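Below: one structure, written as structure tokens.
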Amino acid sequence: MKILFLNGPNLNLLGTREPEVYGSMTLADIEAEVRQRAKELKVEVDFRQSNLEGELVNWIQEAKGKFQVIVLNAAAYTHTSVALRDAISAVGIPTVEIHLSNVHAREEFRHKSLIAPVCRGQICGFGSKSYILGMESAVYVNAENK
Ligand code: DQA
């Protein structure tokens, strides 16, 4: 089973970016934790980040036939991107929405996710553990689809 992790804008700045909100781990630290758990779960992981909406759309399109599940932290594009939502719908790959922070406990503009209705589910508020929970959900979703 192959899982595609996609990370949106500004997540490359984790570690120094608002650590009181997002914690002190870098994205590379989070990726290392994900890879360790992936070994235990015996799943393959591809882990990417882009600040560009179109690049994320391209990666979602290209995932068809290659990945069974997408785990997506779309960052700010969560709240703005019809293009990402349409890409998820178009490819039909089950997608798990994740966030480090509890977006529902923050500013009102973060309460709305344009991608949530086309995702299998949402995990938010557990810091870097949201990524691990996202991967475990991906394994569950894949088993359910067999
Ligand atoms: C985020 C939450 C978003 O609202 C924000 O724009 C981010 C990160 C999170 O992981 O908590 O960049 O997706």
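Bear in mind that the values in this text are calculations on the coordinates, not laboratory data. Predicted model, so just to flag it, every value in this text is computed and none were measured. Note that each Cβ is placed from the backbone with ideal geometry, even for glycine, and that neighbours are counted across all protein chains shown.
Within region 1-46, the set of residues being over 24 Å from Ala83 (Cβ atoms), touching a residue at least 60 places away in the same chain (Cβ under 8 Å) and part of a helix (DSSP H, G or I) comprises Val21, Tyr22, Asp29, Ile30, Glu33, Val34, Arg37, Ala38, Leu41. Kindly establish whether His111 is within 10 Å of the ligand (Cβ to nearest atom) and more than 13 Å from the chain's Cα centre (by Cα). The answer is yes for His111. Could you list, in sequence order, all residues of region 47-82 that are away from the ligand (no atom under 16 Å from the Cβ), surrounded by 14 or more Cβ atoms within 10 Å (Cβ to Cβ) and either closer than 22 Å to Asn145 by Cα or in contact (Cβ under 8 Å) with a residue 40 or more places away in the chain (or both)? Residues satisfying the conditions are Trp59, Ile60, Ala63, Phe67, Gln68, Val69. Considering region 137-146, and only residues there that are surrounded by 16 or more Cβ atoms within 10 Å (Cβ to Cβ) and more than 11 Å from the chain's Cα centre (by Cα), the residue that is farthest from the ligand (Cβ to nearest atom) turns out to be Asn142. Residue pairs whose Cβ atoms lie under 7 Å apart, separated by 6 or more positions or on different chains, with the first residue in region 89-106 and over 16 Å from Gly121 (Cβ atoms) and the second assigned to a loop (DSSP other than H, G, I, E, B) and not β-branched (Val, Ile, Thr), are Val91/Ala63; Val91/Lys64; Leu100/Gly23; Leu100/Gly127; Leu100/Ser128; Ser101/Gly125. Applying the selection to region 107-124, what residues are in contact (Cβ under 8 Å) with a residue 24 or more places away in the chain, assigned to a loop (DSSP other than H, G, I, E, B) and not polar (S, T, N, Q)? Across region 107-124, the qualifying residues are Lys112, Leu114, Ile115, Cys119, Arg120. Residues in region 83-108 that are crowded, with 19+ Cβ neighbours inside 10 Å and either within 8 Å of the ligand (Cβ to nearest atom) or among the acidic types (Asp, Glu) (or both) were compared, and the one that is farthest from Met1 (Cα to Cα) is Val103.
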